[in-house]
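Below you'll find the structure, written out as structure tokens, and then a few comments.
We did not get these values from a lab; they are worked out from the coordinates using the rules stated. Only a predicted model underlies this, so the values are computations on that prediction, with no experimental measurement involved. Glycine gets a Cβ as well: all are built from the backbone with ideal geometry, and neighbour counts include every protein chain shown.
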Amino acid sequence: MTQNMTTPVGAELSASRSGTAGGWLGRLYRLAVVILTALVVVGLVFVIGRSAIYKIHEYERGLHLRGGRFVRVEQPGWHVQIPLVDTVIIVTINERLGYVERLAAMTSDNVTMDVSLQYTYRVTQPERFALEVSDPERIVFEFVQGKLRDVINTKTMAEVMDNRAAINLEVMQTLREIETRYGVEFITVQIQSASPPEEVVAAIKDRMVAGQRQAQAEAEAAQRRTLADAEFYAAQKQADGEAYQIAQLAQAEAQRIALISAAQQEATRAILATLASGGPLAEPYIQVLLAQELRENSKWIINGEGQSILDLRESSKSSGAAVTP
């Protein structure tokens with residue numbers, strides 16, 4: 001009888017413990033669900049807020065599109081958009097830098113020159129710059145390159161070498177034509193370098209070498225002629241005390257001629273070495289030499305490909321015709 005009464009009591013205790021454990025598990029489960037739901041909600045709010053709220057910096061402008069249609073230009077500051085409906089395109093409006101490197105352009109006197117130019121511009125109408133042109137920076141570069149070539153085509157080689165400021169101004173004036181069309185404003189245009197083709201430089205070097213050889217030959221001939229005249233005159237004055245003095249003067253004159261010739265050859269070699277090295281003094285040397293050639297009324301001979309290969313000096317005394325090889 002006692003055993004039968006104890007069994008129901010133990011069963012009740014076991015059931016009570018089991019119910020308590022099940023209650024704790026249920027509460028933990030519900031708490032986990034609540035925490036997970038809260039995390040999901042917070043994450044969604046963060047993602048939506050991040051995509052809906054955006055900031056535009058001082059050097060930027062925002063193009064606000066709704067459903068693919070342009071709405072307005074957003075100014076610097078915080079803004080709100082409708083996710084999945086609105087789109088914002090950020091356009092940088094600060095100053096941009098561009099280069100035209102070694103553009104081969106033909107001058108009005110049919111000389112091909114390598115011209116390098118640097119230009120800066122900024123965006124004034126971001127909606128035109130970004131929405132009406134597929135590749136605006138490339139379009140601007142091609143336009144600058146084309147206008148530079150057009151201006152060089154109207155100038156002589158001497159003008160390109162010596163009057164870069166006027167060319168810069170003329171290029172800038174022609175670039176004003178596209179400012180409204182593409183929503184930009186050009187700030188500076190500056191020619192960095194303008195060098196003649198290698199054929200012209202080679203012709204200058206060849207002329208200098210030929211001049212050096214001619215000067216050396218003339219100096220040697222003058223030296224021999226002076227010595228011969230001195231010997232002849234000394235032979236006539238053998239009985240006279242002036243013979244020794246005449247011989248000494250002749251030797252001094254011959255030595256002077258030799259020293260002048262050597263100095264000229266050394267100067268020519270130094271200039272040629274500078275031109276060959278391509279250092280910072282090479283371009284000024286070329287400009288000075290070209291200016292001298294042009295002042296002396298030189299004439300550039302062009303081959304069939306439109307490239308300068310030789311220059312011939314016009315002379316009223318020459319009767320022969322110069323022919324290019």
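Gain in length, residue 133 to residue 255, computed as 0.36 nm per residue apart minus the alpha-carbon separation, to one decimal in nm?
Working: separation 122, 0.36 × 122 = 43.92 nm, distance 7.44 nm.
Gain on stretching residue 133 to residue 255: 36.5 nm.
Say each of residue 109 and residue 193 gets a label point 7 Å from the Cα, pointing the same way as Cα to Cβ; how far apart are those two points in nm?
2.2 nm
Take residue 38 and residue 25, extend 7 Å from each Cα along the Cα→Cβ direction, and tell me the distance between the two endpoints in nm.
So the two model labels end up 2.5 nm from each other.
Could you go through the stretch 90-96 in sequence order and give the Karplus-derived ³J(HN,Hα) for each residue, using 6.51 cos²θ - 1.76 cosθ + 1.60 with θ = phi - 60°, rounded to whole Hz, and x for Gly and Pro?
3J(HN,Hα) across the stretch 90-96, in whole Hz: 8, 10, 7, 10, 6, 5, 10.
Sort 24-31, 64-71 by packing, meaning the average of other beta carbons within 10 Å per residue, with the highest value first.
Result, highest mean first: 64-71, 24-31.
Can you pull the one-decimal nm distance between simple spin-label points at residue 94 and residue 156, each 7 Å off the Cα toward Cβ?
4.6 nm
Among 35-47, 83-95, 120-132, how do they line up from the highest to the lowest mean number of other beta-carbon atoms within 10 Å? Don't skip to the end; give the middle numbers.
On the way: 35-47: 10.1, 83-95: 13.8, 120-132: 17.5.
Highest-to-lowest ranking by the protection proxy: 120-132, 83-95, 35-47.
What are the ³J(HN,Hα) values, in whole Hz, obtained from phi via the Karplus relation 6.51 cos²θ - 1.76 cosθ + 1.60 with θ = phi - 60°, for each residue of the stretch 47-55 in sequence order, with x given for Gly and Pro?
5, 5, x, 5, 7, 8, 10, 9, 10
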